[in-house]
Structures are given as C-alpha cells and as structure tokens.
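Novice: One structure is given below, represented as structure tokens, and several questions about it will come after.
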Amino acid sequence: MLTANRELVPAQTDNSWGTHFRASVYLGVPFIGAQLAQLAINTTDVLMVGRLGAVQLAAIILATQFFFTVFIFGSGFANAVVPMVAQAQGRGDQVSVRRSVRMGMWVVLLYGLMTAPILWMAEPILLFAGQKPEVSALAAEYLHIAQWAIFPSLIFMVLRAFLSGLERAGIILYVTLATLVLNAVLCYLLIYGHFGFPALGIFGAAVAALGVPISLTILAEVSLFTVASLLMGTIGTIELAAHGIALQFASIAFMIPLGLAQAGTVRVGLAYGSGDLVGVRRAAVAVLALGCGFAAIGSTIFALLPYQLATLYLDTARPDAAEVLAFAGPLIVIAGAFQLVDGLQAIAAGMLRGLKDTTVPMILAMISYWPIGFVCAWVFAFPLEFGGVGVWFGFVLGLAAAALLLNWRFFRLIHSMRSPIVV
C-alpha cells in the first residue's frame with residue numbers, strides 16, 4: 001500500500017534530464033511499437049471487412065468493442081503485475097517477481113472462465129441495447145469464434161507485464177509483429193477467399209483472430225468508448241460505421257501515449273522501489289513531455305487530412321461510401337483535438353501504477369468517464385441534438401477531467417513524500 005509519508009532514501013544513480021529522456025525513449029519506443037502492432041491486428045480486420053459494406057463495418061466495430069470491454073477488465077489484473085515486478089526488481093527481490101507472475105496467471109484464467117458466457121450471449125445483449133438486428137447477428141458470429149482468444153490473450157498480457165517490469169520491451173515487440181503478419185495473411189485468405197480458401201467474410205476475420213493475443217487500451221475508458229458505439233448504433237448504421245473509422249484512428253494515435261504510459265509505469269516503479277524520489281519526478285516529467293510532443297504531431301495530421309484518412313477504410317465505389325465519409329471526416333478532426341488530454345490521462349494513470357496507487361485513480365477515472373464524459377456525450381448527442389459529433393464532444397470533456405485529476409493525484413503524492421527538493 002502507498003503511504004504519503006514514506007521515507008525515501010535517494011539511490012545513487014544518474015538523474016540527469018538527458019538520462020531520463022533517453023531511458024524513456026529507449027523503453028517507450030518498443031512499447032509503442034508493440035501497441036501499434038497489436039492494434040494493427042484489429043485494424044487489419046476492420047480495414048478488410050469495411051470494404052464489404054457499411055453493415056459489415058458496423059458489425060465488426062460492435063464486435064471488437066464488445067470483446068475488448070470484457071477483455072480490458074481482465075487485462076487490468078495482468079497489468080497489476082507491471083508495478084509489482086518493477087518495484088520488486090528495484091529492491092532486488094527475485095522471489096516476489098516470480099510470485100507476482102504466478103498470481104497474475106491464476107487470476108486471469110479464472111476471469112476468463114467467468115466471462116465466457118457474456119461473449120457467447122452477445123446477440124441478445126446487443127439487441128437489448130437497441131442495435132440493428134442484422135448488425136447484431138453479424139457481430140455475434142464474429143464473437144462466437146473470437147471469444148476463445150480471451151484465454152491466450154490474457155496469459156500473454158501477464159507475460160508481457162513480466163517482461164515490461166524487467167525493461168525487456170523489445171521481446172514483446174518482436175512477438176507482436178510476428179502475430180500481426182500471421183493475422184494479416186489469414187484475414188486476406190479467409191475474408192475474401194483467395195488462393196482456393198473459402199470466402200467467409202466477417203466470419204473469416206474471427207477465424208483469423210483465433211488464439212491471437214489482442215490488446216487495446218488498458219484503461220477503464222474503453223467501457224466509455226464501447227457505450228459510445230452503442231449510442232452511435234441507435235442513431236444509425238451509417239453513423240456507427242463512421243464512428244468506427246474515427247475510433248480506429250483515435251486508437252492508433254492512442255497507442256503512442258499508451259506505450260509511454262507503460263514506460264512510465266516501469267521507470268517510476270523502478271525508481272520508487274529503489275528509494276529514488278528524484279528519479280521518480282524526473283522520469284514522470286520526461287514521459288509527460290514526450291507524450292505532449294507526439295500528441296501535437298498527431299493532432300495536426302488529423303486536422304489536415306481527415307477525409308483522406310477515412311477513405312483508407314472504405315471502398316469508395318460502393319453506394320454508401322460517400323455518406324459514411326461525410327460523417328467520418330468531422331469525427332476524425334475531433335479525434336485529433338482530444339489526443340492531448342487522452343495522452344495526459346493515460347500517462348498519469350501509468351505513472352500512478354508505478355507507485356502502486358490504483359484505488360483512488362480508479363475512482364477519479366470512473367467519475368471522469370461516466371458522470372462527466374458519458375453524461376455530456378448523451379446530452380450533446382440527444383437533448384442538444386448534435387448527434388454523433390455530440391458523442392465525441394463528451395469524450396473530450398471526460399478525458400480532460402481524467403487528465404487533470406490523475407496528474408494532480410500523481411504530483412500531489414510525490415510532493416507529500418519525504419525527499420530532498422531538487423529543481
């Protein structure tokens with residue numbers, strides 16, 4: 001348990017700013033690459049299925065959001081292994097490192113067994129949530145196959161957390177890239193039926209993802225985005241398809257701060273475990289500065305090229321493509337606008353995990369995402385009649401609140417700890 005008055009004795013280490021920035025980049029780049037490669041597994045499915053039509057695109061968006069809502073809570077147990085391993089490694093306690101990994105595996109396997117019925121009952125759940133019958137049926141077909149990936153995915157997350165805590169992010173990247181290539185080849189063969197394989201459409205995408213460790217955002221905000229997809233589905237199939245395209249680009253951009261957040265967890269955890277509060281502070285500032293820089297670049301690209309980006313997910317010769325494109329463009333611009341707050345809240349949450357501070361951040365995040373983010377999204381979308389754009393406005397406010405509260409929590413905690421003041 002984290003205590004604010006813990007006496008920290010600074011470790012004898014190099015705490016220059018250059019060292020911290022280099023270490024953050026050295027550790028963060030493989031994490032970012034692994035996150036992008038893992039997201040690309042899902043993106044490959046969406047890119048290929050999207051060319052089959054708006055209904056198929058809407059269905060796979062619902063299916064993947066449904067899967068990751070279930071998956072993300074289980075991955076939270078796996079990600080708890082990162083700060084435990086990092087702090088134990090910082091103390092030189094190898095026994096605690098091994099015990100943390102074993103505990104994580106048992107917990108995620110139990111979670112997988114408990115949640116299997118939810119994935120199997122996807123169609124009635126989606127119908128109850130007001131989704132279109134044809135879209136719900138196709139989404140359920142995907143999930144009846146993809147649900148079996150929950151077990152290897154969560155075990156992979158535990159092993160990934162173990163390697164992350166040891167600063168071995170390169171291994172994670174190589175394995176994920178190999179998985180991406182395999183998934184892309186299988187999707188190409190099974191969705192379209194090339195080289196004598198059966199053309200299975202969206203069902204083929206699920207077969208190709210079978211047993212593949214897939215990971216998206218590791219934070220509780222995934223549930224907000226999932227419910228937002230359900231809201232978009234009640235507005236219309238075209239709107240849901242456009243929302244899915246914009247969400248794909250937002251997710252791609254989010255992999256950079258998410259990778260930096262994982263680097264922040266490790267860097268903060270190692271410094272905190274060794275009693276180096278100066279290192280904790282400088283590791284935090286270095287990661288936050290890098291996150292802001294990448295967010296500025298991504299926001300500019302999204303603002304300048306929204307429609308060009310959206311066409312990557314559409315067969316423009318199809319009759320419904322123009323309508324989807326018209327809805328998707330403005331949403332991509334908004335996705336670029338909230339990258340900064342999204343990145344800041346993700347990195348802050350990662351740094352707090354490095355301190356093993358999880359309960360209060362969970363409460364702050366839930367307040368930000370739901371009473372603020374979801375309520376604003378609903379009010380903007382329906383009573384104020386902004387439609388799909390209103391849903392995304394709600395995103396911005398919820399994420400901004402999370403960024404403010406979580407960063408305040410982190411710097412308040414380290415300020416209250418006893419350590420020499422270093423400018």
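The values are calculated or read from the model by the stated rules, or taken from the named source; none is laboratory data. None of these values were measured; they are calculated from a predicted model. Cβ sites come from the backbone with ideal geometry, for glycine too, and all protein chains shown count toward neighbours. Areas reflect the complete protein model, heavy atoms only, side chains present, ligands, DNA and RNA absent. Shrake-Rupley method; radii C 1.70, N 1.55, O 1.52, S 1.80 Å.
Novice: Does residue 267 fit the bill of being assigned to a helix (DSSP H, G or I), over 22 Å from the mean Cα position of the chain (by Cα), over 26 Å from residue 391 (Cα atoms) and not small (Gly, Ala, Ser)? Can you show your working first?
Specialist: Values: assigned to a helix (DSSP H, G or I): yes; over 22 Å from the mean Cα position of the chain (by Cα): no; over 26 Å from residue 391 (Cα atoms): yes; not small (Gly, Ala, Ser): yes.
When the stated conditions are applied, residue 267 does not pass them.
Novice: Just the residues that are modelled with pLDDT of 90 or more and in contact with an Asp or Glu (Cβ under 9 Å, 6 or more places away or on another chain), please, taken from the stretch 369-383.
Specialist: 373
Novice: Only one residue in 275, 291, 298 is open to solvent by less than 20 Å² (accessible area, probe 1.4 Å) and farther than 18 Å from residue 336 by Cα. Which one?
Specialist: Working: 291 fails: farther than 18 Å from residue 336 by Cα; 298 fails: farther than 18 Å from residue 336 by Cα.
The match here is 275.
Novice: Another question, then. Please go through the stretch 13-41 and pick out each residue that is part of a helix (DSSP H, G or I), at pLDDT below 75 and either charged (D, E, K, R) or open to solvent by less than 10 Å² (accessible area, probe 1.4 Å) (or both). Explain how you work it out, then say what you get.
Specialist: Step one: list which residues in the stretch 13-41 are part of a helix (DSSP H, G or I), which gives 17-41.
Filter once more, so that each one left must be at pLDDT below 75: 26-41.
27, 28, 31, 34, 35, 37, 38, 39, 41, listed by residue number.
Novice: Still on this structure, I have one more. Which count do you get for residues in the stretch 227-250 that are hydroxyl-bearing (Ser, Thr, Tyr) and either in contact with a Pro (Cβ under 6 Å, 6 or more places away or on another chain) or open to solvent by 20 Å² or more (accessible area, probe 1.4 Å) (or both)?
Specialist: Of all residues in the stretch 227-250, those hydroxyl-bearing (Ser, Thr, Tyr) come to 229, 234, 237.
Among the residues that remain, those that are also either in contact with a Pro (Cβ under 6 Å, 6 or more places away or on another chain) or open to solvent by 20 Å² or more (accessible area, probe 1.4 Å) (or both) are: 234, 237.
Of the residues in that region, 2 qualify.
Novice: Against the condition surrounded by fewer than 20 Cβ atoms within 10 Å (Cβ to Cβ), at negative phi, part of a helix (DSSP H, G or I) and touching a residue at least 12 places away in the same chain (Cβ under 8 Å), how does residue 75 come out, does it pass?
Specialist: On the way: surrounded by fewer than 20 Cβ atoms within 10 Å (Cβ to Cβ): no; at negative phi: yes; part of a helix (DSSP H, G or I): yes; touching a residue at least 12 places away in the same chain (Cβ under 8 Å): yes.
Judged against the criteria, residue 75 is not a match.
Novice: Can you name the condition, by its number, that residue 351 falls short on among (1) surrounded by fewer than 19 Cβ atoms within 10 Å (Cβ to Cβ); (2) assigned to a helix (DSSP H, G or I); (3) not β-branched (Val, Ile, Thr)?
Specialist: Unmet for residue 351, out of (1) surrounded by fewer than 19 Cβ atoms within 10 Å (Cβ to Cβ); (2) assigned to a helix (DSSP H, G or I); (3) not β-branched (Val, Ile, Thr): (1).
Novice: Against the definition (in contact with a helix residue (DSSP H, G or I) (Cβ under 8 Å, 6 or more places away or on another chain), among the acidic types (Asp, Glu) and open to solvent by 10 Å² or more (accessible area, probe 1.4 Å)), how does residue 323 come out, yes or no?
Specialist: Details: in contact with a helix residue (DSSP H, G or I) (Cβ under 8 Å, 6 or more places away or on another chain): yes; among the acidic types (Asp, Glu): yes; open to solvent by 10 Å² or more (accessible area, probe 1.4 Å): yes.
When the stated conditions are applied, residue 323 passes them.
Novice: Spot the failing condition for residue 362; the list is (1) open to solvent by 70 Å² or more (accessible area, probe 1.4 Å); (2) modelled with pLDDT of 90 or more, and only one is missed.
Specialist: So the condition that residue 362 fails would be (2).
Novice: Which of the numbered conditions does residue 161 fail, given that it passes all the others? Conditions: (1) modelled with pLDDT of 75 or more; (2) assigned to a helix (DSSP H, G or I).
Specialist: So residue 161 meets the others, but not (1).
Novice: Quick test for you: out of 250, 228, 241, pick the one residue that is in a helix (DSSP H, G or I), more than 17 Å from residue 393 (Cα to Cα) and either among the small types (Gly, Ala, Ser) or at pLDDT 85 or above (or both).
Specialist: Details: 250 fails: more than 17 Å from residue 393 (Cα to Cα); 228 fails: more than 17 Å from residue 393 (Cα to Cα).
None of the others qualify; the one that does is 241.
Novice: Is it true that some residue in the stretch 373-387 is charged (D, E, K, R) and either touching a Phe, Trp or Tyr at 6+ places or on another chain (Cβ under 6 Å) or buried (at least 20 other Cβ atoms within 10 Å of the Cβ) (or both)?
Specialist: no
Novice: Also: Within the stretch 326-343, which residues are open to solvent by less than 40 Å² (accessible area, probe 1.4 Å) and either free of Cβ contacts under 8 Å to residues at least 40 places away in the same chain or not in a loop (DSSP other than H, G, I, E, B) (or both)?
Specialist: Step one: of the stretch 326-343, the residues open to solvent by less than 40 Å² (accessible area, probe 1.4 Å) are 328-329, 331-332, 334-336, 338-339, 341-343.
Matches in the stretch 326-343: 328, 329, 331, 332, 334, 335, 336, 339, 341, 342, 343.
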